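Here's the structure we're looking at; comments come further down.
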Ligand SMILES: Cc1cc2nc3c(=O)[nH]c(=O)nc-3n(C[C@H](O)[C@H](O)[C@H](O)COP(=O)(O)OP(=O)(O)OC[C@H]3O[C@@H](n4cnc5c(N)ncnc54)[C@H](O)[C@@H]3O)c2cc1C
């Protein structure tokens, strides 16, 4: 294998890399293969640099370069159907990102709830202003719906059902959009204090952003979903 890849999460501390490679340029999905590269036993795998990022600072993203890396034939995933294997992997991975969104949103909502019940302005807890409490009620509604969608997607993937791709894309999009909206509103509920690093909601807001981007952006999820819907309608 020869080439380079940017944006690899935890690439500097990983032993194994799932790597999509081109074997037949110009052949589209049929011309790619999925490989498991063992970084410990493969001379030629090098970390080329670590990025600085907005959030998710508990993990790293690095660039990798592959120089004449030899991969045993037993490390071919999905045989000739590397692209299909990758798509199946995404169906499995996207509900996980969706679940990250639900967890993050739940943490942000619980923090905002506790804070607004405590914080007093104009003689009463700010939670007693409907403008604030309705924001939190809306968070709870969104989170509950998001959680059920994760369960639906995970169950469909587990049983290998026909709607796995569709539900995974829906869950990834809805749950991560929910995480971004809830984290942003949680910062709002804390007012100026929400903007300070003293409280976790500003970190949650920065962390939520990447959930809408990685594992396929939410625009790409909508592309996938609309294609599946059109196919079902016979187009
Ligand atoms: C913290 C972090 C960790 C990551 N970890 C990994 C990792 O471990 N492994 C890995 O392989 N990648 C990883 N990535 C990369 C990530 O998957 C990509 O950044 C993401 O898929 C978007 O690709 P791009 O950056 O090339 O955006 P672009 O493709 O340049 O997209 C730019 C904008 O155009 C939109 N767009 C592009 N094409 C279309 C289209 N057809 N229709 C509609 N809108 C479109 C996108 O949604 C986006 O808004 C990571 C990224 C980050 C930030």
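Here, each number is a calculation from the coordinates, and none is a lab measurement. None of these values were measured; they are calculated from a predicted model. Cβ sites come from the backbone with ideal geometry, for glycine too, and all protein chains shown count toward neighbours.
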Checklist outcome for this item: One finds the C-alpha centres of the range 134-159 and the range 182-235 to be spaced, in Å, by 14 Å
Next on the checklist: I'd like the orientation of helix 82-118 relative to the chain: the angle between its Cα long axis and the longest Cα principal axis, in ° from 0 to 90, rounded to 10.
Outcome noted: 20 degrees
Item to check | Taking 94, 120, 40 and counting other C-beta atoms within 10 Å, the order from fewest to most | outcome: 40, 120, 94
Checklist entry - From the square roots a ≥ b ≥ c of the eigenvalues of the alpha-carbon gyration tensor of the range 92-142, which class results: rounded (a/c under 1.5), prolate (a/b over b/c), or oblate? => result prolate
Checklist outcome for this item: Summing -39500 (n - 2.57) over every DSSP H run of at least 4 residues in the chain and dividing by its residue count gives a helix-only mean residue ellipticity at 222 nm, to the nearest 500 deg cm²/dmol, of -17500 deg cm²/dmol
Checklist entry - Taking Cα atoms, how many degrees apart are the long axis of helix 201-211 and the longest axis of the chain, rounded to 10 and kept between 0 and 90? => result 30 degrees
Checklist outcome for this item: For the pair residue 120 and residue 24, the simple spin-label estimate (label points 7 Å beyond Cα toward Cβ) gives in nm 7.5 nm
Checklist outcome for this item: Helix 164-189: inclination vs the chain longest Cα principal axis, degrees, rounded to 10, gives 40 degrees
Next on the checklist: How would the chain be classified by its alpha-carbon gyration tensor: rounded, prolate or oblate, with rounded meaning a/c under 1.5 and the a/b versus b/c comparison settling the rest?
Outcome noted: oblate
Checklist entry - Looking at the square roots a ≥ b ≥ c of the eigenvalues of the Cα gyration tensor of the range 62-102, which shape do they give, rounded for a/c under 1.5, prolate if a/b is larger than b/c, or oblate? => result oblate
